[in-house]
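The values are calculated or read from the model by the stated rules, or taken from the named source; none is laboratory data. A quick note: this is a predicted structure, and the numbers were derived from the prediction, not measured. Neighbour counts are summed over all protein chains in view; Cβ atoms, including those assigned to glycine, are modelled from backbone coordinates with ideal geometry.
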Amino acid sequence: MAVKYPTDWDINQYYDETEPRQHWELRREFMVKHKGQFSEDYLVSLGRTFINIEMMGCVYPVEVMDRIAHMSEDIAAAYRDSKKYKLQRTFVSAKDAAETKYGGNRPNPNIDANQHLQKFSSMNL
């Protein structure tokens, strides 16, 4: 027979104003789904662990990762699907950005600054 835990506690009391709204909504959904299956303190800890894994890329011992993966399977899948169509940031190195902007015309260290200014001002950037 499975143990039933109290469900008369308010999940919203665990909202942290410094937590991004998206993190809270996902963590709240996780806790709502599993409320009554674990003690309040343990479920709150599992919820925070879930967010740390999903949002921050944290890694825990295999047993914890397996438990969270099993518990969050449908919640995490829905969240990941929603991210597919959002704008993705692309990080580019400064060198690549400069080469793209200036077409590979990088300053020659063998000429002085005035010559560089004349060369780049004539490019009509």
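Screening region 1-21 for residues that are without any contact (Cβ under 8 Å) to a residue 12 or more places away in the chain and in a helix (DSSP H, G or I) and picking the one that is nearest to the chain's Cα centre (by Cα) gives Arg21. The set of residues from region 1-23 being surrounded by 10 or more Cβ atoms within 10 Å (Cβ to Cβ) and β-branched (Val, Ile, Thr) comprises Thr7, Ile11.
Ile75 falls short on exactly one of the conditions (1) touching an Asp or Glu at 6+ places or on another chain (Cβ under 9 Å); (2) of a type in the set (A, V, I, L, M); (3) modelled with pLDDT of 95 or more, and that condition is (3).
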